[in-house]
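Working notes, beginning with the structure itself.
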Amino acid sequence: MEIIELDYPAAKRLITKRAHVGVVGSGDMEILLEPSTTGGAHVSITTSVNGFREAWKSVFDRFFSKFDGAASIQINDAGATPGSVLLRLEQAAEVIEQ
Amino acid sequence: MSESTFVPAFVRRRSFIELDGRARAQSLVDEGTGKELVGPFDRIESPWLPMQGVAPQADDGCVVIKGRIAANPAVVISLEGAFQGGSIGEVSGAKMTAALDLATRDSSAGIPTAAVLLLETGGVRLQEANLGLAAIAEVIASILSLRRYAPVIAVVAGTVGCFGGMSLAAGVSSYVVMTREARLGLNGPEVIEQESGIEEFDASDRALIWAVHGGEQRVGTGLADALVEDSIDEIASAVRRYVLAGKPALHRSEQVRLYRERIAALDTSKQIDPPTLREQWGLRDSQGGAR
Amino acid sequence: MSEQVGLRGRVWFQALTGNDQPRTGDPGSVLTADAQERGETALFLCVVPNPDSRFPCVRDGQVGLEEAYALATRIREAIDDDRDKPSAEKRSIIAIIDVKSQAYGRREETAGIFLSAAASADAYASARMAGHPVISLIVGHAFSGGFLTHGYQANRILAFDDAGVTIHAMHKEAAARITRRSVPDLEHLGHHIAPMSYDVRDYAKLGTLYRLLHVNNPIEPTESEIVEVRQAIADAIDDARTGTDDLGDRLNSPAAKETRKAGRTVRTLMEEQWVAV
């Protein structure tokens, strides 16, 4: 079990909604996305699969290269692939932009 | 002039089974009336799973939505079968019991509040063992308390089904709604094969599994009340019907003499033939046909 | 533990009621008797092994279809007999528990053992809600569906504190196999995760037990030990009569305040949010 924390201070745009997507099934994950309280974006990942910090950072670097909301993102993960993580993040982003 | 296009029912039918636990609960309350209580953003997670390297879920696999059904106050409690097999831990069990107890409080104060239980569960969460078991005993107690005032409607839709200690929760409910895909029983096929041998139950025999535990058999023997298609509309409609029907005069789990006699009449020298049991125990509906 | 499960149940049923035979019409696996406790009638119930059971999967002390419906029958008789009595005179219902598990059989599943178990739990809970003090005395094993059927609906639960008493959701061997651990590893896990433990003294930390009792040799209790256990049961009955007729007291015990914090938080929060809807 690992907890990974990432920060994206450049993501400063105010967001007002929150979103929850996903289920922590085997090979799957859930995302809780809320307005951040720190001015920038913060990510906290609780994962049952150790040793993939770089892969997670890669996914989030990519996500935040397009998304600039000051979001606090919590992930509970049971082995989702990077592709599906990105998909879920985009779903969550869509929900809060509506 | 164009002809109208015929759209077969099975194309129009929206699957209930394909929905996750939260969406299932939302589909059953009157539009605009549902509010989730102690939801994922309240972050009351299992304290025990992370200690064992298992990723928790923010709602611990149990969704509680308070709202109205057919304009009547109701609460829907939905277990997420995809998270730890819908199993009951300290938190998910506490959510169920708390919701049932609050419905009881309102009901005894003059606002009958029905409970709908979406049971997609294997029973006790092994990583929480005794707290899961204790929680299930408390859920059973709370159902028995609420059903004196308002109906408790169990829905077993599949694909996990309802097994283990939570099958007793279905057993004490006022009404049980099942799809054909769904299964309901105390012990699943693998457990029986493991404990009593493959002769007793071959867990790879799918026909046998559904002949024993499946929705059609359970409803056909009167151990469940309604057999429905995997359709949001049909399930919501069945739930509404039972909410409006109110609590039954006598609950199935109170019919001790009837079932004791039925068990006494069984020929135990061989396995019970499921179709024969349907003939012996099956109920006739008001049109005279066997269900 | 080498002694056969179910032996302690029979020993203690006999010690407390003077009886060791099933009533006419009941299966050989279910012992029930009305006996006097401090001048008051109490209904004692116990499930014991019956090697001659009609059901092949119920011959080692499992709780099956017949057992559950027999328990439910006797409890409901007591409820009916005492229906018009004032609360203080409703007889106590005392479950003596030493059960291997629920029955694992195809006949059982086909004939709806989930419902028979529910009917027994229903009867116990109905007695409790009608004002009968329901007490469980765990003298040996209390597993899973067997315990849900016979005993877990009690107002107060007592248990012996020795290694022959195990309260759990699944036997060690099966649990080890499913969690892919060795049995010693599983036992070790229980040392720091109380709900997983097979030790009854760790179970006591969960706050559902009224009292742990010590008996030197539960298979051969001395007269004075039997007197002490009777007194503990009497204390439990008195305590039950001062409490509620639901299971709410379990979450408010001192031990539960330590080990069931998350569950307690859920209740408080849900109540806050419920009234605000």
In what order do A:K66, C:K100, B:K247, A:K12 fall by count of nearby beta-carbon atoms within 10 Å, going from fewest to most?
A:K66, A:K12, B:K247, C:K100
Check each of the GluC sites (Glu not before Pro) in the range B:174-278 and keep only those in coil by DSSP with at most 12 other C-beta atoms within 10 angstrom; list them in order.
B:E199
Those trypsin sites (Lys or Arg not before Pro) from the range B:232-279 that are DSSP loop and have at most 13 other Cβ neighbours within 10 Å turn out to be B:K270
In terms of the Cα gyration tensor, with a ≥ b ≥ c the square roots of its eigenvalues, is the range C:124-197 rounded because a/c is under 1.5, prolate because a/b exceeds b/c, or oblate?
prolate
Can you sort A:D7, C:D26 from fewest to most other Cβ atoms within 10 Å of each residue's own Cβ?
A:D7, C:D26
Residue by residue through the range A:46-55, the couplings from Karplus 6.51 cos²θ - 1.76 cosθ + 1.60 with θ = phi - 60°, in Hz, x for Gly and Pro, are 9, 10, 8, 10, 7, x, 10, 3, 5, 4
Just B:L184, B:L208, B:L258 to compare: in a GNM of chain B, with alpha carbon springs under 10 Å, which one fluctuates most?
B:L258
If the only charges are +1 at each Lys and Arg Cβ and -1 at each Asp and Glu Cβ, what is the size of the charge dipole of chain C around the Cα centre, to the nearest 20 debye?
800 debye
Unit charges on C-beta of K, R, D, E only; dipole of the range B:143-224, Debye:
680 debye
Loop only per DSSP, at most 16 neighbouring Cβ atoms within 10 Å: give me the trypsin sites (Lys or Arg not before Pro) in the range C:135-215, ordered by residue number.
C:R180, C:R181
Residues whose placed amide H lies under 5 Å from that of B:A70, excluding near-sequence neighbours:
B:D30
Label the protein assembly as shown by shape, choosing from rounded, prolate and oblate, from the square roots a ≥ b ≥ c of the eigenvalues of the Cα gyration tensor; if a/c is under 1.5 it is rounded, and otherwise prolate applies when a/b is larger than b/c, oblate when it is not.
prolate
FRET efficiency for C:R181 and B:T5 from the Cβ-Cβ distance with R0 = 41 Å, rounded to 0.05, comes out at 0.10
Farthest positive-ward along the protein assembly as shown dipole, Cα basis, beta-carbon charges - from B:F16, C:L7, C:L213
B:F16
Which shape class applies to chain B: rounded if a/c is under 1.5, otherwise prolate when a/b exceeds b/c and oblate if not, where a ≥ b ≥ c are the square roots of the Cα gyration tensor eigenvalues?
rounded
Calculated [θ] (222 nm, deg cm²/dmol) that DSSP helices of n ≥ 4 give over the protein assembly as shown, each run adding -39,500 (n - 2.57)
-11500 deg cm²/dmol
Which ³J(HN,Hα) values in Hz, rounded to whole numbers, follow from the phi angles of the range C:248-260 under the Karplus curve 6.51 cos²θ - 1.76 cosθ + 1.60, where θ = phi - 60° and Gly and Pro get x?
x, 4, 4, 7, 9, 5, x, 5, 5, 5, 8, 9, 10
Less than 19 Å from a label point 7 Å out along the Cα-to-Cβ axis of B:E279: which backbone N atoms in the range C:91-115 qualify, by residue?
C:110-111
By counting other Cβ atoms within 10 Å of each Cβ, how are A:V59, C:V215, C:V47 ranked from fewest to most?
C:V215, A:V59, C:V47
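Readers should treat all values here as calculations from the given coordinates under stated rules, not as data from a laboratory. Because the structure is predicted, anything quoted here is derived from the model rather than measured. When we count neighbours, we look across all protein chains shown, and the Cβ atoms used for this are built from the backbone with ideal geometry, even at glycine.
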